[in-house]
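I have placed the structure first, in the form of structure tokens, so that the comments after it can refer back to it.
The values are calculated or read from the model by the stated rules, or taken from the named source; none is laboratory data. Bear in mind the structure is a predicted one, so any value in this text is a computation, not a measurement. Ideal geometry is used to build each Cβ from the backbone, glycine not excepted, and the neighbour counts take in all protein chains shown. These area figures cover heavy atoms from the full protein model, side chains too; ligands, DNA and RNA do not enter into them. Shrake-Rupley method; radii C 1.70, N 1.55, O 1.52, S 1.80 Å.
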Amino acid sequence: EIIPYFAVADERFIHQQYALWTSHKWPNAFRALREFDYDNVLYVDTDTLFQKDPEYLFEKYGNTDAIYGMQDVSDKYTKIFEAKNQGMNDGQFLLSRHVLKYEQDILSERINYVLRLQEKFKNEKDEDLLINGIQWVSCQYAISEYLYEIGNPLRLFDNSDIYIVHKMNEFLDLTQEEREGFALIHYLNYNTQYFFPEIWQYCIAKNKRV
């Protein structure tokens, strides 16, 4: 079942559009566990394709005291932010009712982590760092950093189950059998042309509604 979600941006973030984009994932994942009484919740970005029934992932990774996800595919910001746990790409993650005990701390730390970086880099002129880095990427690292600090680090999905398409040429070099074996492929938004229907690509380019 797909649940409705809400998003509320933290007014202290310096870029409100990014604050809104990044605010919905974790609060709504926890809300689904609490209000909809699910045992497990799988979050995925919209640039993701399923190749197997999601039940496969629930059965393999669900009902544990851990959060499952994937490490970030770029080391640029893991180095700049000195990520202790190699960062996280939260375009896909799975959590169960067993981690509800971490909800408030995770949601608070996600915000505080960004605020600390805003202060640390307040004199920085690099817009990519200030916006993409701090307002977007760091919101993901905040979760894996918190889990690392409490001694229950992020658990990783098997690479044979989930593939993040960081470099398209490497993905295309895989055999068809290898590509078809993944339960889930996260294309990342800069690979839109490889998975969006052609009419959608046209409308995005022309800024039109379908």
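General observations
- Overall, the accessible surface of the chain at a probe of 1.4 angstrom is composed of carbon and sulfur to the extent of 49 percent.
- Note on residue 63 and residue 100: the model spin-label points, each 7 Å out from Cα along the C-beta direction, lie 1.7 nm apart.
- Taking a ≥ b ≥ c as the square roots of the eigenvalues of the alpha carbon gyration tensor, the range 107-187 is oblate, as a/c is not under 1.5 and a/b does not beat b/c.
- Stokes-Einstein diffusion of the range 76-126 at 25 °C, 0.890 mPa s viscosity, Kirkwood radius from Cα pairs, rounded to a whole number: 187 µm²/s.
- Sites count as exposed loop sites when they are trypsin sites (Lys or Arg not before Pro), lie in a DSSP loop, and have at most 13 other Cβ atoms within 10 angstrom; the longest stretch of the chain without one is 126-166.
- The chymotrypsin sites (Phe, Trp or Tyr not before Pro) of the range 1-106 meeting both criteria, a DSSP state outside H, G, I, E and B (loop) and at most 14 other C-beta atoms within 10 angstrom of the site's C-beta, are 5, 6, 36.
- Cα lying deepest toward the dipole's positive end in the range 1-117, options 93, 51, 112, charges on Cβ: 112
- Over the C-alpha atoms of the range 13-71, the Rg to Rh ratio, Rh being the Kirkwood estimate, stands at 1.01.
- Kirkwood hydrodynamic radius of the chain, Cα pairs, Å: 18.2
- Taking 7 Å steps out from each Cα toward its Cβ at residue 9 and residue 84 produces label points 3.1 nm apart.
- The residues of the chain expose on average 57 square angstrom of accessible surface per residue, using a 1.4 Å probe on protein heavy atoms.
- 10 Å-binned pair-distance histogram of the range 1-102 (Cα, whole percent): 13, 39, 38, 10, 0
- Efficiency of FRET from Cβ geometry, residue 49 and residue 175, R₀ 22 Å, rounded to 0.05: 0.80
- Loop GluC sites (Glu not before Pro), the range 8-85 (other Cβ atoms within 10 Å of the site Cβ: 12 or fewer; DSSP): 11, 82
- Estimated at 0.36 nm per residue, the fully extended path between residue 119 and residue 36 surpasses their Cα-Cα distance by 26.2 nm.
- Global form of the range 152-192, assessed from the alpha-carbon gyration tensor, a/c cut-off 1.5: oblate
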